[in-house]
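Heads up: the structure comes next, in structure tokens.
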Amino acid sequence: MNKINTILVTGSSGQLGQSLKRLSSDYPQYEMMFVSRDELDLSRTESIEQFFHQHQFDLIINCAAYTAVDKAESEPELADKANHLAVKKLAEIACLQKSKLIHVSTDYVFNGQHSMPYIEADAVEPQGVYGLTKLLGEQALAAEMSENALIIRTSWVYSEFGSNFVKTMLKLGQARDSLTVVFDQIGTPTYAHDLATDIMAIAGHSSFNSGNFTSDIVHYSNEGVCSWYDFAKSIFELSTVDCRVEPIEAKEYPTPAVRPHYSVLNKTKIKDCYGVEIPYWKDSLQVCLENLQEQSE
């Protein structure tokens with residue numbers, strides 16, 4: 001297989017897609033195309049086939065997904081189209097075009113009952129529609145591509161783009177004197193810029209870039225551990241927003257979808273295989289908040 005020269009990024013309007021787009025000028029060695037649903041509707045087979053009839057890529061980075069965790073409970077067919085069937089179709093096309101595929105998945109494939117960081121080989125047991133459809137996407141990809149596919153599971157993604165926990169907290173914190181935030185759900189935030197940076201590092205890594213490799217799964221989030229309460233507290237401590245945060249139990253804040261109580265991901269494998277350096281979550285949060293502050297000035 002030839003070295004990677006051309007890259008397609010799907011889901012270009014999402015947090016990770018926009019983060020990759022912002023980085024793209026740092027990688028002049030690649031010809032990169034970014035597509036949103038307008039150019040490539042992954043819920044429609046004919047749109048997918050028509051697009052790939054006209055284009056061919058060495059690497060597809062699939063950032064497109066249905067990520068409305070609660071809404072998925074009442075829209076299982078839509079979630080399945082984006083998170084499962086579209087991934088299956090992309091994998092089929094990657095095989096036909098002899099492309100490599102990086103697919104972004106989620107900590108929601110686990111049941112959240114662990115007390116140790118999840119490794120890639122741990123048993124999967126999604127607790128809701130979102131997690132189930134993402135798992136079905138993983139399984140469909142693995143069935144289609146025994147080689148040249150990498151699944152990256154991640155968690156708690158935030159960025160300067162779109163809607164996410166950081167931006168929601170800042171908005172609510174500016175409007176209120178105090179907020180209540182769940183303290184008994186534990187995980188690690190992922191700054192989309194860091195994930196995008198390390199995806200590009202993987203794309204350029206010799207074990208990924210040249211020749212065939214056995215398809216695999218790796219985990220990625222920032223380093224460290226926190227609760228949503230800790231995360232919210234840090235957002236306000238590192239920003240200029242003065243808002244008091246009170247801890248509550250998850251049962252006091254019921255949601256349509258079950259959230260994992262514990263979803264810390266073990267990142268040893270991705271660091272060992274690809275030599276990536278992963279920043280501490282609070283350091284990355286500081287960077288994101290500074291960028292958001294600059295944007296607002």
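List of remarks:
- In segment 149-163, the residues that are crowded, with 20+ Cβ neighbours inside 10 Å and not hydrophobic (A, V, I, L, M, F, W, C): 153, 154, 155, 158, 159, 160
- Hits in segment 36-70 (condition: within 18 Å of the chain's Cα centre (by Cα) and either over 24 Å from residue 148 (Cα atoms) or aromatic (Phe, Trp, Tyr) (or both)): 37, 66, 67, 68, 69, 70
For (1) modelled with pLDDT of 95 or more; (2) charged (D, E, K, R); (3) under 15 Å from residue 196 (Cβ atoms), each residue gets a yes or a no:
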position: 20; (1), (2), (3): yes, no, yes
position: 31; (1), (2), (3): yes, yes, no
position: 40; (1), (2), (3): no, no, no
position: 44; (1), (2), (3): no, yes, no
position: 57; (1), (2), (3): yes, no, no
position: 63; (1), (2), (3): yes, no, yes
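- For segment 182-211, filtering for residues that are surrounded by 24 or more Cβ atoms within 10 Å (Cβ to Cβ) and without any contact (Cβ under 8 Å) to a residue 24 or more places away in the chain leaves 0.
- Taken over segment 181-229, the criterion of being over 18 Å from residue 22 (Cβ atoms), of a type in the set (Gly, Ala, Ser) and under 12 Å from the mean Cα position of the chain (by Cα) is satisfied by 221 alone.
- Residues (under 13 Å from residue 203 (Cβ atoms) and under 13 Å from the mean Cα position of the chain (by Cα)) located in segment 10-26: 20
- Of all residues in segment 251-282, those that are crowded, with 20+ Cβ neighbours inside 10 Å and without any contact (Cβ under 8 Å) to a residue 12 or more places away in the chain total 0.
- Of all residues in segment 212-246, those being farther than 27 Å from residue 296 by Cβ, at pLDDT below 95 and surrounded by 15 or more Cβ atoms within 10 Å (Cβ to Cβ) number 1.
- One residue stands out among those in segment 14-25 that are in contact (Cβ under 8 Å) with a residue 12 or more places away in the chain and more than 17 Å from residue 57 (Cβ to Cβ): the one that is surrounded by the most Cβ atoms within 10 Å (Cβ to Cβ), which is 16.
- Criterion violated by residue 235 - all others in (1) part of a loop (DSSP other than H, G, I, E, B); (2) in contact (Cβ under 8 Å) with a residue 12 or more places away in the chain satisfied: (1)
- Counting residues in segment 91-104 that are among the acidic types (Asp, Glu) and either out of contact with any Asp or Glu (no Cβ under 9 Å at 6 or more places or on another chain) or surrounded by fewer than 16 Cβ atoms within 10 Å (Cβ to Cβ) (or both) gives zero.
- In segment 284-297, the qualifying residues are those that are free of Cβ contacts under 8 Å to residues at least 24 places away in the same chain and in a helix (DSSP H, G or I), and the one that is farthest from residue 19 (Cα to Cα) is 296.
- Among the conditions (1) part of a loop (DSSP other than H, G, I, E, B); (2) touching a helix residue (DSSP H, G or I) at 6+ places or on another chain (Cβ under 8 Å); (3) of a type outside the set (S, T, N, Q), residue 254 misses just one, which is (2).
- The set of residues in segment 257-283 that are hydrophobic (A, V, I, L, M, F, W, C) and either on the phi > 0 side of the Ramachandran plot or outside any loop (DSSP other than H, G, I, E, B) (or both) comprises 265, 270, 273, 281.
- Residue match in segment 247-267 (condition: farther than 22 Å from residue 111 by Cα and at pLDDT 95 or above): yes
- Verdict on residue 179 being surrounded by fewer than 17 Cβ atoms within 10 Å (Cβ to Cβ), hydrophobic (A, V, I, L, M, F, W, C) and modelled with pLDDT of 95 or more: no
The values are calculated or read from the model by the stated rules, or taken from the named source; none is laboratory data. What you see is a predicted model, and the numbers here were worked out from it, not measured in a lab. Using ideal geometry, Cβ is built from the backbone for each residue, glycine included, and neighbour counts are taken over all protein chains shown.
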